[in-house]
Amino acid sequence: MKKYSIIQKFNALVQIQTIIISALPYIIGSLMASYYYHHFNLSYCLWLFLAVISFHLAVNGHNQYTDYLRYKKNHVTSYNNIFVNCNNKLNTFG
C-alpha cells in the first residue's frame, strides 16, 4: 500500500487548492485600498494575508471533520471526505 506524506495528508484534509477563493478577494481589496488611500503597509498586508489563509484552512479542516461526524452518525456514504476515505486513499490519517 502506498505511503503518503504529511503534506499530502494535510492537503487532502484542508483542500489547499481552494486558497484562491480567499486570496483573490483579499488581493483585489488590498489593491483597491492602496489605490484609494495612496498608502500601503507591506508588513500589515502580509500579516492579514496570513490570517486570512489560516482562517480559510481552519474552516476547511473543520468542515471536513463535521462532515465526517455527520457521515458517522447517519451512516450515509461519503465519497469525498478524507476521514471516510483515509483507509482507502491515505492508509491512515495521523
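Computed from the coordinates by the stated procedures, all read-outs in this text should not be read as laboratory data. Just so we're clear, the structure is a prediction, and the values are computed from it rather than from any experiment. Please note: Cβ atoms are built from the backbone with ideal geometry, for glycine as well, and neighbour counts cover all protein chains shown.
Just grab the label-to-label distance for Asn41 and Tyr71, each label 7 Å out from Cα along the Cβ direction, in nm (one decimal).
4.3
Using the Karplus curve 6.51 cos²θ - 1.76 cosθ + 1.60 with θ = phi - 60°, what ³J(HN,Hα) values do you get for each residue of the range 61-75, in whole Hz, with x for Gly and Pro?
Calculated HN-Hα couplings, in order: x, 5, 5, 4, 5, 5, 4, 5, 5, 5, 4, 5, 5, 9, 6 Hz.
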